[in-house]
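Colleague: Below you'll find the structure I mean.
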Amino acid sequence: MTPTDNDLTAAIMQFQDERVNPDACDAAQAAELENISSSPPNDLIICKDGSRSLVGKHTLDDGTECVLKYYYPKNLAKKINYALRGSRCMRSWIAAKVFSRLGIPTAAPMMIHEQKGAIGITIKQSFLACHLAPGTPLCDITDEDVLQKVASQLDKTFTTMASYHISHGDLKANNIIVSNDGKIRFIDLDGVTIMSPKKKWIELHKRDQKRFLKNWSSDSAAYQIFKDIIPPAQPSA
């Protein structure tokens, strides 16, 4: 049964108050993640070390492979803004939960933890843990049979996203992971917007279209397969 906008709004409010996803993280895993939520483990395999975030792969004691993301707001204004309006970490957490609810494939979120300042009006640091999405970035896939299989999944996914005015915000092909059996998962959901007002969503949707197709040259097989995969925005809908 497809959720209504009201259902989804209520679910998002619930997600904002959750810190552990019981569908993807058991008590032992939650305790282990809690212990490394403030500082990265020594064996973290770093994937990205930027000025605002640190991302890496980590294996839990039970063998579960996960991705850990540490967010560091750059200045006081950001720290206050994130506390009042929601951080990029919280946006990613909510997006992953919403994607799962709507059947949009993504890496399962496990835990979110945010350290607030002494009086609660700033966020000092945020932490997000998700299951690892094993596979190959879409940008590295050249087999046309696999690309056609991916296109079929993307067609369904982008239609669902359009129904709820969802924009990914960073549709680089390396943010779509293709498993060995050809199934896709979206990652890096920091820029996702959900149920945007119609006018704003149309603009964001056009950016998604442009960014997605920018991944390939216009004469490539992938471009020809994907060029019409994102449905156009319908201003009158």
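Colleague: Can you tell me which condition Asp43 does not meet? The list is (1) in contact with a His (Cβ under 9 Å, 6 or more places away or on another chain); (2) surrounded by 11 or more Cβ atoms within 10 Å (Cβ to Cβ), and all the others hold.
Modeller: Every listed condition holds for Asp43 apart from (2).
Colleague: Consider Ala222 against the criteria (1) part of a helix (DSSP H, G or I); (2) out of contact with any helix residue (DSSP H, G or I) (no Cβ under 7 Å at 6 or more places or on another chain); (3) small (Gly, Ala, Ser): it satisfies all of them except one. Which criterion is unmet?
Modeller: Checking Ala222 against (1) part of a helix (DSSP H, G or I); (2) out of contact with any helix residue (DSSP H, G or I) (no Cβ under 7 Å at 6 or more places or on another chain); (3) small (Gly, Ala, Ser), the one that fails is (2).
Colleague: Right, here's the next one. Kindly indicate the residue of segment 70-80 that is crowded, with 20+ Cβ neighbours inside 10 Å and among the hydroxyl-bearing types (Ser, Thr, Tyr) and also modelled with the lowest pLDDT among those meeting that condition.
Modeller: Here the residue is Tyr71.
Colleague: Could you give every pair whose Cβ atoms fall below 7 Å, whose first residue belongs to segment 68-89 and is in contact (Cβ under 8 Å) with a residue 40 or more places away in the chain, and whose second residue is open to solvent by 70 Å² or more (accessible area, probe 1.4 Å) and part of a helix (DSSP H, G or I), counting only separations of at least 6 or pairs across chains?
Modeller: Filtered contacts from segment 68-89: Tyr71/Arg88.
Colleague: Right, Leu33: more than 21 Å from Asn175 (Cα to Cα) and open to solvent by less than 30 Å² (accessible area, probe 1.4 Å) or not?
Modeller: Details: more than 21 Å from Asn175 (Cα to Cα): yes; open to solvent by less than 30 Å² (accessible area, probe 1.4 Å): yes.
When the stated conditions are applied, Leu33 passes them.
Colleague: Of the conditions (1) of a type in the set (A, V, I, L, M); (2) open to solvent by less than 30 Å² (accessible area, probe 1.4 Å); (3) closer than 19 Å to Val20 by Cα, Ala108 clears all except one; give me its number.
Modeller: Evaluating Ala108 over (1) of a type in the set (A, V, I, L, M); (2) open to solvent by less than 30 Å² (accessible area, probe 1.4 Å); (3) closer than 19 Å to Val20 by Cα leaves (2) as the failure.
Colleague: Separate question: Being free of Cβ contacts under 8 Å to residues at least 60 places away in the same chain, out of contact with any strand residue (DSSP E or B) (no Cβ under 8 Å at 6 or more places or on another chain) and hydrophobic (A, V, I, L, M, F, W, C) is the filter here; which residues of segment 189-215 pass it?
Modeller: The answer is Ile202, Phe212, Leu213.
Colleague: Within segment 51-58, is there a residue that is at pLDDT below 95, open to solvent by less than 90 Å² (accessible area, probe 1.4 Å) and closer than 26 Å to Val98 by Cα?
Modeller: Among the residues of segment 51-58, at least one is at pLDDT below 95, open to solvent by less than 90 Å² (accessible area, probe 1.4 Å) and closer than 26 Å to Val98 by Cα, which makes the answer yes.
Colleague: For Thr122, which of the numbered conditions (1) loosely packed, with under 15 Cβ neighbours inside 10 Å; (2) farther than 24 Å from Glu65 by Cα; (3) touching a Leu at 6+ places or on another chain (Cβ under 9 Å) fails to hold?
Modeller: It fails just one condition, (1).
Colleague: To continue, here is another question. Of these, Val67, Val98, which one is open to solvent by 20 Å² or more (accessible area, probe 1.4 Å) and of a type in the set (Val, Ile, Thr)?
Modeller: Values: Val98 fails: open to solvent by 20 Å² or more (accessible area, probe 1.4 Å).
Unique residue meeting the criteria: Val67.
Colleague: Right, here's the next one. Taking segment 193-202, which residues are in a loop (DSSP other than H, G, I, E, B) and of a type in the set (Val, Ile, Thr)? Show your work before the answer.
Modeller: The initial filter retains those residues of segment 193-202 that are in a loop (DSSP other than H, G, I, E, B), namely 194-197.
Of everything in segment 193-202, just one residue is in a loop (DSSP other than H, G, I, E, B) and of a type in the set (Val, Ile, Thr), namely Ile194.
Colleague: Sticking with this one: Condition (residue is exposed (fewer than 12 other Cβ atoms within 10 Å of the Cβ), within 19 Å of Gly120 (Cα to Cα), of a type outside the set (Lys, Arg) and out of contact with any Asp or Glu (no Cβ under 6 Å at 6 or more places or on another chain)) applied to segment 8-24: is it met by at least one residue?
Modeller: There is at least one residue in segment 8-24 that is exposed (fewer than 12 other Cβ atoms within 10 Å of the Cβ), within 19 Å of Gly120 (Cα to Cα), of a type outside the set (Lys, Arg) and out of contact with any Asp or Glu (no Cβ under 6 Å at 6 or more places or on another chain).
Colleague: Further question on the same structure: Any residue at all in segment 177-192 that's open to solvent by 80 Å² or more (accessible area, probe 1.4 Å), in contact with a Ser or Thr (Cβ under 6 Å, 6 or more places away or on another chain) and either charged (D, E, K, R) or not in a loop (DSSP other than H, G, I, E, B) (or both)?
Modeller: Scanning segment 177-192, I find at least one residue that is open to solvent by 80 Å² or more (accessible area, probe 1.4 Å), in contact with a Ser or Thr (Cβ under 6 Å, 6 or more places away or on another chain) and either charged (D, E, K, R) or not in a loop (DSSP other than H, G, I, E, B) (or both), so the answer is yes.
Colleague: Let me ask another. Which condition number does Ala83 fail, the rest of (1) open to solvent by 30 Å² or more (accessible area, probe 1.4 Å); (2) more than 22 Å from Ile187 (Cβ to Cβ) being met?
Modeller: (1)
The values are calculated or read from the model by the stated rules, or taken from the named source; none is laboratory data. This one's a predicted model, so the numbers in the text were calculated from it and none came from an experiment. A quick note on method: Cβ atoms are made from the backbone with ideal geometry, for glycine too, and the neighbour counts reach across all protein chains shown. The protein model used for the area step is the full one, side chains on, heavy atoms only, and it has no ligands, DNA or RNA in it. Shrake-Rupley method; radii C 1.70, N 1.55, O 1.52, S 1.80 Å.
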